[in-house]
Amino acid sequence: MSLISGIIFGLGLAVSGMVNPAKVQAFLDVAGAWDPSLALVMGAALVPSFIAFKWLPQRQKPLFADQFQLPTATQIDARLLIGAVIFGIGWGLIGLCPGPAIASLAYLKVESFIFLAALLGGIGLARLVSAKS
């Protein structure tokens, strides 16, 4: 099920244009040549998420797993805010976030592999800094 879900997710990213950095940057350019089409993509993603989270409490367990894997953190702290700012800056500068970047590897573009290397390096650096604190 994970593979099927991943394939559907990747196809959705490709069809919606979220793997195209220029389209993402045009969406973020609200003061210039703004392209609002990705707002529709994000809005459309909220509909099944909303339905699923309303339906989840009624179920004892997921269809294809032994238990639900829901987040437990409820506090907004400096670490979360700093991570969100770094993520947002990276998304704005590059026009990709991790999901679309991984999906864009299918196009075999050098930029996608450079992004993936930087992503993995950032993850490693974050783990190193987190382990020291």
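The values are calculated or read from the model by the stated rules, or taken from the named source; none is laboratory data. Computed from a predicted model, the values in this text were never measured in an experiment. Here the Cβ positions follow ideal geometry from the backbone for every residue, glycine too, while neighbour counts run over all protein chains shown.
Things worth noting here:
- Pairs meeting the criteria (first residue in segment 21-38 and at pLDDT 85 or above, second residue acidic (Asp, Glu), beta carbons under 6 Å, at least 6 apart or on different chains) are 26/35; 27/35.
- Breaking point among (1) part of a loop (DSSP other than H, G, I, E, B); (2) in contact (Cβ under 8 Å) with a residue 60 or more places away in the chain, for residue 73: (2)
- Meets criteria (within 19 Å of the chain's Cα centre (by Cα) and not aromatic (Phe, Trp, Tyr)) for residue 33: no
- Hey, residue 61 assigned to a helix (DSSP H, G or I) and either over 25 Å from residue 103 (Cα atoms) or not polar (S, T, N, Q) (or both) or not: no
- Any hit, segment 94-105, residues being loosely packed, with under 12 Cβ neighbours inside 10 Å and in a helix (DSSP H, G or I): no
- Taken together, 113, 50, 87, 9 contain a single residue that is assigned to a helix (DSSP H, G or I), surrounded by 11 or more Cβ atoms within 10 Å (Cβ to Cβ) and over 15 Å from the mean Cα position of the chain (by Cα), which is 113.
- In segment 19-30, the count of residues that are closer than 25 Å to residue 109 by Cβ, aliphatic (A, V, I, L, M), touching a helix residue (DSSP H, G or I) at 6+ places or on another chain (Cβ under 7 Å) and not in a loop (DSSP other than H, G, I, E, B) is one or more.
- Only listed residue being surrounded by 10 or more Cβ atoms within 10 Å (Cβ to Cβ) and farther than 30 Å from residue 130 by Cα, chosen from 23, 61: 23
- Residue 73 being more than 12 Å from the chain's Cα centre (by Cα), within 28 Å of residue 28 (Cα to Cα) and either among the aromatic types (Phe, Trp, Tyr) or loosely packed, with under 10 Cβ neighbours inside 10 Å (or both): no
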